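Worksheet: one structure, shown below.
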Amino acid sequence: MRLKTCNFHWEFLFLQTTVLLAAIGAMAQNVSFDLVGPKVDVRVQRAGETLPIAQVPNLQAGDRVWIHPDLPDTQSVHYVMIVAFLRGATNPPPESWFTRVDTWTKQVHQEGIYVTVPEEAEEAVVFLAPDTGGAFSTLRGTVRAKPGAFVRAVQDLEQASLDRLRLEAYLDAVRESSLDTEQLKARTSMLARSLGIKLDQQCFDKPSAQQVPCLTQHTDQLVLDDQHSQTMVATLTTGPSTELIANISSTPTARSGYYSPYIGAVVDMARILSTAHTAQFQYIPALALPKEDQLKLRLNNPPSFRNPKSVIVIALPPVRPAVVPPLRALDGTQVFCANQPELVLPADGAPLIFATNLGRKYVLHVETKAGAGFELPAEPDPARGGFVIGTKDAHFQPWDGEVTGTIRGTWGFRPFEGPHYRLRAARPGQWVVASKDASALIVGRGDTLHVQSADICCVHEVVMHDREGKDVNLPWKVSKPDELEVKVPLQNATAGSLKMYINKFGLHEPDEISLHTFAEAGRLDSLTIYAGDSDAVLKGTRLDQVASVELDGINFQPGALSRANQHDELKLATQDSSVKVKLEVGQSSTALVTLKDSRTLDLKTTVAAPRPKVTLLSKSVQVENTDPPPMIHLGNPDELPQDGRLNFFLKAQVPETFSPSAKVEVATADESFHVLLTVKDGNLTLQDSKTVFAVLDPMKLLGPSAFGPLKLRAVSPDGVEGDWQPLVNLVRMPELKAIHCTTPAKPAERRAAADKPDFPESQCTLTGDKLFLIDAISADPDFSSPVTVPDGFIEASLSLSVPRGKGVYIKLRDDPATVDTISMPISGD
């Protein structure tokens with residue numbers, strides 16, 4: 001019996017879920033709430049203070065609520081307004097908690113009515129129902145019979161209204177934007193962070209005219225979770241059935257995965273429709289969007305004035321203690337300057353601060369060390385990502401050191417305290433040059449200077465006086481909390497004294513820093529030249545000042561300059577063909593180095609032994625014998641398949657013999673993959689003292705990503721490298737499986753295909769793996785009608801025309817200049 005009961009329970013729950021899911025699917029198609037409903041004016045009075053509804057986040061027992069239905073004088077249908085208070089899912093409200101208001105009477109139309117929030121109430125709701133004579137008693141009975149459904153529906157309407165306010169604040173701000181792409185991206189990113197909105201980054205890849213429409217489309221998918229508003233609107237139901245409803249609301253049918261701000265209201269309205277409908281009434285939700293003392297209603301379904309007539313459901317703020325917004329500073333370690341105009345203090349965590357008027361009277365309260373605190377006006381600005389502090393007309397005594405500023409405000413009827421910020425005031429200060437940069441300013445080039453002080457946050461400009469007395473703005477950034485990094489251009493400067501000025505917010509006079517620039521004494525360390533070469537390498541410092549080098553009557557001109565290990569390395573080259581004759585091994589000479597300022601320096605050097613050189617005698621590509629044999633026959637003997645092996649012989653030229661420690665380097669064209677072949681590793685075998693046999697296994701030694709032309713050079717035992725020379729072209733091979741061709745289905749068609757050259761040709765399909773390694777494929781060796789394989793091709797098949805001969809021809813991506821042949825059986829229908 002217990003098992004049958006359990007099965008019945010789950011069968012009933014499944015049936016109920018199926019019906020609910022269908023209702024959700026229908027309702028979820030109309031969650032836009034874009035129909036304008038009637039207006040209702042609301043004000044709340046508490047402890048002698050009256051606030052418009054836009055500034056009231058919550059109600060509490062004893063509040064006097066003034067409600068005025070703002071219906072037009074020409075309203076043709078009489079609406080009965082019922083103000084009701086609820087107190088929980090299992091505790092129906094007493095009949096005295098329902099107030100009937102005939103909106104068409106003169107007194108109500110002109111003055112409105114007052115209701116008082118009773119003790120123990122938890123929710124407040126307003127119903128607008130067409131007058132039928134018994135609407136009040138029918139509706140009151142329905143609510144008292146099913147209080148839980150209405151409590152949850154009201155909570156979800158409250159949540160949906162708060163989410164809609166965030167969404168509209170975002171949409172209004174984006175639509176007002178007339179900025180370029182980068183500014184729009186920065187503004188909308190800040191708006192999204194402040195308001196809790198999901199931002200589609202792909203919108204910024206579109207043309208400028210399409211970016212704003214893209215950012216404002218799919219509005220029901222933009223709003224993200226906000227823990228603050230969820231805490232304000234308490235969750236009612238718990239347990240397995242509620243979890244099931246939550247799971248349903250996150251299914252594609254209920255438009256999730258994309259979080260819809262109205263999905264909770266849709267779910268509960270579906271429940272109300274399925275349980276509370278009568279032949280006389282149906283209930284439709286209204287989002288209440290407050291502006292000052294007026295609730296602007298938005299409907300997602302047009303009201304019906306025939307049976308079942310539509311009852312508009314309006315949620316008022318919940319009856320519970322106010323939940324203070326959980327504002328937090330974006331970076332608690334950052335220090336801000338209190339003198340900065342339009343100072344922005346970044347904050348997040350409470351989107352309703354930026355989207356609603358529930359908070360007001362914001363200030364930045366500053367407590368100085370002297371104990372005399374003061375306040376500056378603050379205004380939340382979602383487009384700037386925080387609170388904009390009104391410092392422009394502020395007058396306060398600057399203080400020494402760091403103090404704390406706190407955002408304060410009023411949330412509804414109660415004050416609250418927000419995040420804390422570290423503040424400094426602008427004061428004249430002393431600056432210290434970092435010890436590592438004491439001699440860093442070298443004339444003739446740009447340098448970087450680090451200067452240190454306490455009031456870094458108040459700096460807004462760094463200026464240098466050049467030698468002509470003009471002010472030059474210097475690029476700068478904050479590198480540490482107490483340090484500025486300044487770029488100092490000294491390309492046209494002369495050695496001597498230099499003044500740098502640092503301007504701060506709120507100060508008329510800048511801080512002055514006295515600096516000294518130096519002319520770096522260039523140092524020449526060595527000049528390396530090998531016998532037989534027409535180039536050389538000069539090492540030292542400040543080699544950018546070298547204009548030329550002369551050695552034994554041969555003039556060398558500077559080439560590429562590089563810097564490594566605190567030393568410059570300058571390549572030199574000459575066009576004098578006599579260099580190979582004049583400079584002999586071991587010859588000692590003095591090089592004359594001329595600088596760009598016409599100074600000359602001497603440097604002794606000795607001509608080194610010539611660099612190693614070898615000749616490629618022969619080479620052979622070896623491919624492993626397989627069964628079946630390889631299907632691709634390479635058309636160029638210089639092509640080496642990646643899974644093949646290259647055998648080649650080298651003959652020594654300089655020196656004339658190989659030593660047992662000789663090395664040969666093999667690399668790809670860009671040298672990103674390279675390997676040293678040595679006798680020790682078994683890759684080199686001496687045939688005799690002048691000839692060496694080399695073996696290259698590219699897959700093993702270079703890896704699967706190496707491809708393209710390979711080159712080799714000899715390397716002497718002491719590491720001197722010879723010139724590169726071409727070796728072979730390394731190609732990667734696709735794995736081919738089959739070629740299948742279709743033929744005309746009927747014998748007559750086959751005969752026509754054979755007798756008529758212009759008869760439409762059949763198509764063939766090549767299947768295999770890694771077909772992206774093919775550049776082009778053709779049915780003829782001339783590639784008259786090739787099929788080009790596009791970049792990024794991931795398919796496992798290629799289409800081509802029927803081969804005219806016995807083979808199919810391809811060009812590999814790693815060597816598109818060579819025509820290779822595919823030899824494999826061709827199957828057909």
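Quick look at the numbers
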quantity: Where HIS109, HIS674 fall by accessible area, highest first, once all protein chains stay in place (1.4 Å); calculated: HIS674, HIS109
quantity: Largest to smallest accessible area among HIS465, HIS450 [probe 1.4 Å]; calculated: HIS465, HIS450
quantity: Length-normalised contact order for the range 23-125 - Cα pairs under 8 Å, 6+ apart - percent; calculated: 29 percent
quantity: Inter-label distance for THR742 and PHE693, nm, one decimal - labels placed 7 Å from Cα along Cα-to-Cβ; calculated: 5.5 nm
quantity: Interatomic Cα distance distribution for the range 495-568, bins of 5 angstrom, percent; calculated: 3, 11, 18, 14, 11, 8, 8, 7, 7, 5, 4, 3, 1, 0
quantity: Projected label distance in nm at ALA186 and ASN307, using a 7 Å step from Cα toward the beta-carbon; calculated: 6.5 nm
quantity: Rounded to the nearest 10 Å², the accessible area of SER618 at probe 1.4 Å; calculated: 60 Å²
quantity: Lysines whose Cα lies under 29 Å from that of LYS296, excluding same-chain neighbours fewer than 8 positions away; calculated: LYS39, LYS106, LYS146, LYS198, LYS309, LYS361
quantity: 5 angstrom amide H check on ASP447, placed H, neighbours 5+ away; calculated: VAL488, LEU490
quantity: Theoretical gain in end-to-end length, GLU120 to LYS613 [0.36 nm per residue, Cα-Cα removed]; calculated: 167.6 nm
quantity: Distance between modelled label sites at ASP102 and ASP535, nm, 7 Å Cα→Cβ extension; calculated: 10.4 nm
quantity: Modelled FRET efficiency - R0 45 Å, LEU595 with THR678, Cβ distances, 0.05 increments; calculated: 0.55
quantity: Amide H contacts of PHE416 (H built 1.01 Å from N, under 5 Å, at least 5 apart or other chain); calculated: GLY409, THR410, TRP411
quantity: Ranked by how many other beta carbons lie within 10 Å on average, peptides 735-741, 428-434 from highest; calculated: 735-741, 428-434
quantity: Förster-model FRET efficiency, 22 Å R0, LEU561 and ARG523, C-beta, rounded to 0.05; calculated: 0.90
quantity: Gain on full stretching of the segment that runs from GLU624 to LYS470 - 0.36 nm per residue minus C-alpha separation; calculated: 47.9 nm
quantity: LYS499-ARG408 FRET efficiency (beta carbon distance; Förster radius 60 Å; 0.05 resolution); calculated: 0.85
quantity: When each of LYS369/LYS470; LYS392/LYS477; LYS663/LYS811; LYS619/LYS680; LYS480/LYS539; LYS613/LYS700 is checked by Cα-Cα distance, pairs over 31 Å; calculated: LYS369/LYS470; LYS663/LYS811; LYS480/LYS539
quantity: ASP400 accessible area, 1.4 Å probe, all protein chains in place, Å² to nearest 10; calculated: 110 Å²
quantity: The range 390-518: relative contact order in percent, alpha carbon pairs under 8 Å with at least 6 residues between; calculated: 23 percent
quantity: Accessible area of ASP718 in the full protein assembly, 1.4 Å probe (Å², nearest 10); calculated: 120 Å²
quantity: Trypsin sites (Lys or Arg not before Pro) within the range 775-826, DSSP loop, no more than 13 other Cβ atoms inside 10 Å; calculated: ARG804, LYS806
quantity: Cut-off 13 Å (backbone N to label point 7 Å along Cα→Cβ of LYS770), residues of the range 685-726; calculated: 698-700, 703-708
quantity: Virtual paramagnetic centre 7 Å along Cα→Cβ of ASP41, amide N under 13 Å, in the range 292-309; calculated: 292-295
quantity: Sites matching trypsin sites (Lys or Arg not before Pro) across the range 359-451 that sit in DSSP coil, with at most 11 neighbouring C-beta atoms within 10 Å; calculated: LYS369, LYS392
quantity: PHE336 long-range amide H proximity, modeled H, under 5 Å; calculated: ARG422, LEU423, ARG424
quantity: Accessible area in the full protein assembly, largest first, 1.4 Å probe, for TRP724, TRP97; calculated: TRP724, TRP97
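The values are calculated or read from the model by the stated rules, or taken from the named source; none is laboratory data. Everything numeric here is computed off the predicted structure, so don't read it as measured data. Cβ atoms come from the backbone with ideal geometry, glycine included; neighbour counts cover every protein chain shown. Just the protein is used for accessible areas: all its heavy atoms, side chains included, with ligands, DNA and RNA removed. Shrake-Rupley method; radii C 1.70, N 1.55, O 1.52, S 1.80 Å.
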